[in-house]
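Q: This is the structure I have questions about; it appears just below.
The values are calculated or read from the model by the stated rules, or taken from the named source; none is laboratory data. If you're wondering where the values come from, they're calculated on a predicted model, not measured in any experiment. No Cβ is skipped: glycine too gets one built from the backbone with ideal geometry, and neighbour counts run over all protein chains shown. Each accessible area value is taken on the protein alone, full model and side chains, heavy atoms only, with ligands, DNA and RNA left out. Shrake-Rupley method; radii C 1.70, N 1.55, O 1.52, S 1.80 Å.
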Amino acid sequence: MPFVKKCPFLRHKIEEDVRVLDYRHSGLLDLPTEVFDKERTLEELFADCNQIRDLPRELFYCQGLRKLSISDNEITSLPPAISSLTNLEELDFSKNGIIEVPDSIKSCKYLRSVDASVNPLGKLPEGFTHLANLTHLYLNDTFLDFLPGSFGRMVTLKILELRENHLKTLPRSFSRLIHLERLDIGNNELTELSDVIGGLASLLELWCDNNQITTIANNIGSLKQLMFLDASYNQLQELPPEIEGCTSLADLHLTSNSMVALPASVGNLVNLTTLKVDNNQLTCLPPTLGELSSLSELNVSNNNLQELPASIGLLRNLRTFYADENMLQQIPAEIGSCSGITVLSLRSNKLTYIPDELGRIPGLRVLNLSDNLLCYLPFSIVKLKELQALWLTENQTRPLIPLQSEFDAETGRKILTCYLLPQGHMKEN
């Protein structure tokens, strides 16, 4: 407006108000000169999702910058002049082609969050470990082979993601990260979950899936606050008995390992709500399983189980139970005491008999009994008023099919049958 042009003091005030510039998804090849015009007042700059290749020298005159987000561009170099941004608190340069972080980044001493994910970095400079105020660090898919031995200097870290790298070990100094709450080291080349993990007393989440881990250190039990552990897709042969020390654990994922048994001490994880041990080599489940009073999801599919412990009937909060592709010949009558189950899948076993007690589960909605050796079903199935799907074969055209009541000539019991029964008499034993 003409009035603005004639009033330099007002114009100066308007310029001072420009503290945030947002150029996300703008098709930019370079940063606009407007950025440099606002160098004295600019605090936050967002230039994500463009085609920017270079960061001009003038950018680093914006010494008041607190947030700089330049993710998803075509930048290949992070200039040493980054050290000029001494007030920077948040830096996101993820999804670029940056091959090196300059050692001078150590001058950005107020940095609290850095996202460098999806860049071909290869390594971190020693100066990076001098960022003493860093709380959030994301280094996923950055081609890291190792971490600096002094990595533990960053003692304020709370969130650390190192997913999809080539790490084979963690430095000893890692145990100094006593404030770490979330650690993701999944998709690396680790062969053990070393004892340095035991020093991370504040850890709430630990993701170490998709590695080559064969052992978990016994001091895992010192992680009293740990609530989530995913060690799926490794080469674990056993779980240390000391796991019982993880008294806050709610989710335990051990899918696709080589375990033949679970320790009896797993029954002491009274806060556990999810237990996934599918695709292992388990031949039995510990009787202490019934002590997991909070358990709502249990998956033991793809194992070598021939029976289930009777104590499973104590799992009154169980909602979903998968035991597909085992060698179960029967299931315990106590299953009828699991009054909270809504989904029960026993597909591809060797079941010849289903106990009448199954009809006591009032909220059962899905029951999968396909690919077994059943000749009939117990008449109590008709009591399952909430049942929405009863699978007796994978080729069923409808989730529910008509059942006829008959009497078993041998036992005199009233039973249910249909055109899909008897099942697989020719199945191999």
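Q: So what does the Cα-only Debye profile of the stretch 135-244 read at q = 0.18, 0.23, 0.24 Å⁻¹, as log10 I(q)/I(0), no solvent term?
A: Evaluating at q = 0.18, 0.23, 0.24 Å⁻¹ gives log10 I(q)/I(0) of -0.83, -1.46, -1.60.
Q: Here's something else I'd like to know. Quick one: if you stick a label point 7 Å off each Cα along the C-beta vector at PHE146 and ASN317, how many nm between them?
A: So the two model labels end up 4.5 nm from each other.
Q: Below 8 Å, C-alpha to C-alpha, sequence gap of six or more: please give me the relative contact order for the chain in percent.
A: 5
Q: Please give the length that would be gained between TYR353 and GLU410 if that part of the chain were fully extended, namely 0.36 nm times their separation in residues minus their C-alpha to C-alpha distance (nm, one decimal).
A: 19.1 nm
Q: Related question: Quick one: Karplus J couplings for the stretch 365-373, per residue in order, coefficients 6.51, -1.76, 1.60, θ = phi - 60°, nearest Hz, x for Gly and Pro?
A: Using θ = phi - 60°, the values come out as 10, 10, 10, 10, 10, 5, 6, 10, 10 Hz.
Q: Placing +1 at every Lys and Arg Cβ and -1 at every Asp and Glu Cβ, with all other atoms neutral, what dipole size does the chain have around its Cα centre, in debye to the nearest 20?
A: That gives the chain a dipole magnitude of about 940 debye.
Q: Per-residue HN-Hα couplings for the stretch 395-411, Karplus 6.51 cos²θ - 1.76 cosθ + 1.60 at θ = phi - 60°, whole Hz, x for Gly and Pro?
A: Running phi through 6.51 cos²θ - 1.76 cosθ + 1.60 with θ = phi - 60° gives 9, 4, 8, 9, x, 10, 10, x, 10, 10, 8, 9, 10, 6, 4, 7, 9 Hz.
Q: Moving on. Mean-square fluctuation check for the chain, GNM, Cα pairs under 10 Å: which of LEU318, LEU387, LEU177 is largest?
A: So, out of LEU318, LEU387, LEU177, the one fluctuating most is LEU387.
Q: Loop only per DSSP, at most 16 neighbouring Cβ atoms within 10 Å: give me the chymotrypsin sites (Phe, Trp or Tyr not before Pro) in the stretch 75-158, ordered by residue number.
A: Working: sites: PHE93, TYR110, PHE128, TYR138, PHE143, PHE146, PHE151; in loops: PHE93, TYR110, PHE143, PHE146.
Here the chymotrypsin sites (Phe, Trp or Tyr not before Pro) that fit, given the DSSP loop and packing criteria, are TYR110, PHE143, PHE146.
Q: For the chain, what does the helix formula give at 222 nm: sum of -39500 (n - 2.57) over DSSP H segments with n ≥ 4, over the residue count, nearest 500 deg cm²/dmol?
A: -1000 deg cm²/dmol
Q: Just round it to a whole percent: the fraction of Cα-Cα distances in the stretch 203-294 exceeding 21 Å. Intermediate results must be reported in sequence, preceding the final value.
A: Values: 842 of 4186 pairs.
For the stretch 203-294, the fraction of Cα-Cα distances above 21 Å is 20 percent.
Q: Another question about this same structure. Evaluate 2.2 N^0.38 Å with N set to the residue count of the stretch 257-298, then give the Cα radius of gyration divided by it.
A: Expressed relative to 2.2 N^0.38 Å, the Cα Rg reads 1.11.
Q: Could you state the per residue volume, in Å³, of the convex hull enclosing the Cα atoms of the stretch 36-106?
A: Dividing the Cα hull volume of the stretch 36-106 by its residue count gives 75 Å³.
Q: What distance in nm separates the two pseudo spin-label positions at ARG53 and ALA132, each 7 Å out from Cα along the beta-carbon direction?
A: Output for this residue pair reads 4.1 nm.
Q: Would you work out what percent of the accessible area of the stretch 98-229, with all protein chains in place, is carbon or sulfur (probe 1.4 Å)?
A: Of the solvent-accessible surface of the stretch 98-229, carbon and sulfur hold 52 percent.
Q: Something else: Once you wrap a convex hull around the alpha carbon atoms of the stretch 234-342, what is its projected area averaged over all directions, in nm²?
A: 5.7
Q: Report the residue, chosen from ASP115, ASP37, ASP145, that carries the largest GNM mean-square fluctuation when the chain is represented by alpha-carbon nodes joined by springs under 10 Å.
A: ASP37
Q: Starting from the stretch 180-285, pick out the trypsin sites (Lys or Arg not before Pro) whose DSSP state is loop and whose Cβ has at most 13 other Cβ atoms within 10 Å.
A: Listed in order of number, the matching sites are LYS224.
Q: Taking 4 °C and 1.567 mPa s as the conditions, I'd like the Stokes-Einstein D for the stretch 85-162 in µm²/s, using the Kirkwood hydrodynamic radius from alpha carbon pairs.
A: Estimated diffusion coefficient is 105 µm²/s.
Q: For the stretch 298-307, what does the Karplus curve 6.51 cos²θ - 1.76 cosθ + 1.60, with θ = phi - 60°, yield as ³J(HN,Hα) per residue in whole Hz, taken in order and with x for Gly and Pro?
A: Listing the rounded values in order: 9, 10, 10, 5, 6, 10, 10, 6, 9, 7 Hz.
Q: Hey, another quick one. Please compute the per residue accessible area over the chain with all protein chains in place, 1.4 Å probe, rounded to a whole number of Å². Before the final figure, lay out each step's value.
A: Numbers: 19570 Å² over 429 residues.
I get 46 Å² per residue for this part.
Q: Using all alpha carbons of the chain, what is the percent of pairwise distances in each 10 Å bin, ordered from the shortest bin to the longest?
A: 4, 18, 20, 16, 15, 12, 8, 4, 1, 0, 0
Q: Further question on the same structure: So how strong a dipole does the stretch 269-326 carry about its Cα centre when Lys and Arg Cβ are +1 and Asp and Glu Cβ are -1, to the nearest 20 debye?
A: The calculation lands at about 200 debye.
Q: Taking springs between alpha-carbon atoms closer than 10 angstrom, which of ILE220, ILE70, ILE415 fluctuates most in the Gaussian network model of the chain?
A: Of ILE220, ILE70, ILE415, the Gaussian network model singles out ILE415 as fluctuating most.
Q: Once the Cα atoms of the stretch 322-391 are picked out, what are the Rg and Dmax in Å?
A: Spelled out, the Cα radius of gyration and Dmax of the stretch 322-391 are 10.9, 29 Å.
Q: Give, in nm to one decimal, the length gained when the segment between VAL20 and SER77 is fully stretched (0.36 nm per residue of separation minus the Cα-Cα distance).
A: Length gained, VAL20 through SER77: 18.1 nm.
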